[in-house]
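Written out below as structure tokens is the structure these notes cover.
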Amino acid sequence: MQIQKTISPVDGRVYVERPLASAAEIAWALNAASRAQAEWAALPLAERASVMTRFVDAFVAKRDSIAEELTWQMGRPIRYTPGEVRGFEERARAMIRLAPEALADIEVGEKAGFRRFIRRVPHGVVLVIAPWNYPYLTAVNAVVPALMAGNAVLLKHAAQTPLCAERFVEAGKAAGLPNGLLAFLHMSHQAVASLIRQPEIAHVCFTGSVPGGEAIETAAAGRFIGVGLELGGKDPAYVRADADIAHAVENLVDGAFFNSGQSCCGIERIYVHDRLYDEFVERAMALTKTYVLGDPTDPATTLGPMVRTSAADLVRGHIEDAVRHGAIALLSEKSFARSAPGTPYLAPQILVDVDHTMKVMSEESFGPVVGIMKVANDEEAVKLMNDSAYGLTAAIWTADAEAAIQLGNRLATGTVFMNRCDYLDPELAWTGVKHSGRGATLSRVGYEHLTRPKSFHLRLQT
């Protein structure tokens, strides 16, 4: 029996151990999901909504223990982990509310002697593979609408956050979901690939790295099933000359360093109009110095450890590469006493005099570092923002909404923000371009990817 161990970044000890599912257990879960799905899909949508509302209620009722577990599993400060439960609830209730409209029959117009419409029907069994950095917020995007649409869900969370998958299923049982309809599987990568190749799996929703997405596509090759991929980001922000600088600094520092920068839509590069550049950098430095790096179980801590030492070392490498090539690091690690080489505790860093030849401005850092560049105008900003292999979000700080829309039209990105960043509105489609993935979750559009269209073409008797 293979045992999966979760090492807490808080103190380096084993926080939880779980046996990996055997081939027989995986086959049993797949068969149970297939059987339960047929029963579930036959229920009226209103009944499914009632059960799913109880599911959300049961989950939220455990918010305190869920938040504490999350801090120990992946290192986010305890003052912030309850926010993930609030975000889960916001998205889950929104997707339940949107379901009747999103799943309604599409009428195509009258035609004498006929009735014609398009119905959205479930795929069957959906495999949801969720990451560790926002394990509830990423999974809920697919789990709740997949179930609302009449699918069964098999849920596989990252080895760093196995308890999150268990919490989903626990809430499902409390709500009265049919046995097997929502199940978790702790699996190796090899077992995941094998599962994707099984004929019962009809759709895959994956959130994770670009190499992970490539592995999912390889496993699904030749199966002709849908694969939704939300992958990495190197998300840019542009502060125009007319921006409210205080608001821009407050939001962008948070967007760069919240969750220790471990967010696919976190801000990793900032372009500032030359009229505001010096003041922006000075204010950003001052605000970042107020962060408290320390034990994430302490309510006073505002910046916790990264998920593991290797992740912190990758960011350290990006900073060192930038400095070697002429960048200036504005913050001293000595100002953050807990920061130390060979540990996952890493001080936040702001880099200036950066350019796109540096890894920190071109490769996903996924940590508490951000590069800031001076730009002369909108044209230069758009060119630099688009100069990336990724395209998840882009944020513009300006007083001119029309200018933001015009600039947004030219940006190769899934979401355009104005005067905010690093947030998912559940009524808007969450999607990316280029190496940030394909497909969409959330909003009415998200239901399109978790169902298939079925046309009804009825000749009426006269």
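The values are calculated or read from the model by the stated rules, or taken from the named source; none is laboratory data. These numbers were taken from a predicted model, which means no experiment stands behind them. Positions of Cβ are backbone-derived with ideal geometry, glycine not excepted, and every protein chain shown enters the neighbour counts.
Figures for the structure shown
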| quantity | calculated |
| --- | --- |
| Yes/no for A327 being farther than 24 Å from A243 by Cα, of a type in the set (G, A, S) and without any contact (Cβ under 8 Å) to a residue 12 or more places away in the chain | no |
| Subset tally (residues that are among the aromatic types (F, W, Y) and either closer than 25 Å to Y136 by Cβ or assigned by TED's automatic domain parsing to the domain that holds I267 (or both)) for segment 207-237 | 0 |
| Criterion: of a type in the set (V, I, T), closer than 17 Å to E268 by Cβ and crowded, with 22+ Cβ neighbours inside 10 Å - qualifying residue of T413, T441 | T413 |
| From R269, R275, residue being closer than 24 Å to A399 by Cα and crowded, with 24+ Cβ neighbours inside 10 Å | R269 |
| Restricting segment 185-204 to residues that are surrounded by 19 or more Cβ atoms within 10 Å (Cβ to Cβ) and not hydrophobic (A, V, I, L, M, F, W, C), the residue that is nearest to T218 (Cα to Cα) | H203 |
| Positions within segment 278-300 being closer than 20 Å to W132 by Cα and either assigned by TED's automatic domain parsing to the domain that holds P131 or buried (at least 21 other Cβ atoms within 10 Å of the Cβ) (or both), in sequence order | P296 |
| Answer residue from segment 343-370, given it is hydroxyl-bearing (S, T, Y) and out of contact with any helix residue (DSSP H, G or I) (no Cβ under 7 Å at 6 or more places or on another chain) and is surrounded by the most Cβ atoms within 10 Å (Cβ to Cβ) among those | Y345 |
| G232, sole failed condition from (1) at positive phi; (2) at pLDDT below 95 | (1) |
| Count of residues meeting criterion [exposed (fewer than 15 other Cβ atoms within 10 Å of the Cβ) and not in a helix (DSSP H, G or I)] in segment 5-35 | 8 |
| In segment 269-285, the residues that are closer than 14 Å to L351 by Cα and out of contact with any helix residue (DSSP H, G or I) (no Cβ under 7 Å at 6 or more places or on another chain) | Y277, D278, V281, E282, M285 |
| Residue match in segment 81-93 (condition: surrounded by fewer than 15 Cβ atoms within 10 Å (Cβ to Cβ), more than 21 Å from the chain's Cα centre (by Cα) and charged (D, E, K, R)) | no |
| Helices (runs of 4 or more DSSP H) contained entirely in segment 253-368, each with at least 3 residues that are touching a Leu at 6+ places or on another chain (Cβ under 8 Å) | 277-288, 309-324 |
| Residue match in segment 371-384 (condition: part of a loop (DSSP other than H, G, I, E, B), crowded, with 18+ Cβ neighbours inside 10 Å and either among the hydrophobic types (A, V, I, L, M, F, W, C) or not assigned by TED's automatic domain parsing to the domain that holds L103 (or both)) | no |
| Meets criteria (in contact with a Gly (Cβ under 9 Å, 6 or more places away or on another chain) and either closer than 16 Å to A33 by Cβ or at pLDDT 95 or above (or both)) for N133 | no |
| Subset tally (residues that are in contact with a Cys (Cβ under 7 Å, 6 or more places away or on another chain) and without any contact (Cβ under 8 Å) to a residue 12 or more places away in the chain) for segment 188-235 | 0 |
| Lone qualifier among A284, A311 - being among the aliphatic types (A, V, I, L, M) and over 22 Å from the mean Cα position of the chain (by Cα) | A284 |
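Conditions tested, residue by residue: (1) in contact (Cβ under 8 Å) with a residue 12 or more places away in the chain; (2) over 30 Å from L460 (Cβ atoms); (3) in the same structural domain as M306 (by TED's automatic domain parsing); (4) in a loop (DSSP other than H, G, I, E, B).
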{"residue": "Q37", "(1), (2), (3), (4)": "yes, yes, no, no"}
{"residue": "R48", "(1), (2), (3), (4)": "yes, yes, no, no"}
{"residue": "V51", "(1), (2), (3), (4)": "yes, yes, no, no"}
{"residue": "R54", "(1), (2), (3), (4)": "yes, yes, no, no"}
{"residue": "A67", "(1), (2), (3), (4)": "yes, yes, no, no"}
{"residue": "I78", "(1), (2), (3), (4)": "yes, yes, no, yes"}
{"residue": "E90", "(1), (2), (3), (4)": "yes, yes, no, no"}
{"residue": "P100", "(1), (2), (3), (4)": "yes, no, no, no"}
{"residue": "R120", "(1), (2), (3), (4)": "yes, no, no, no"}
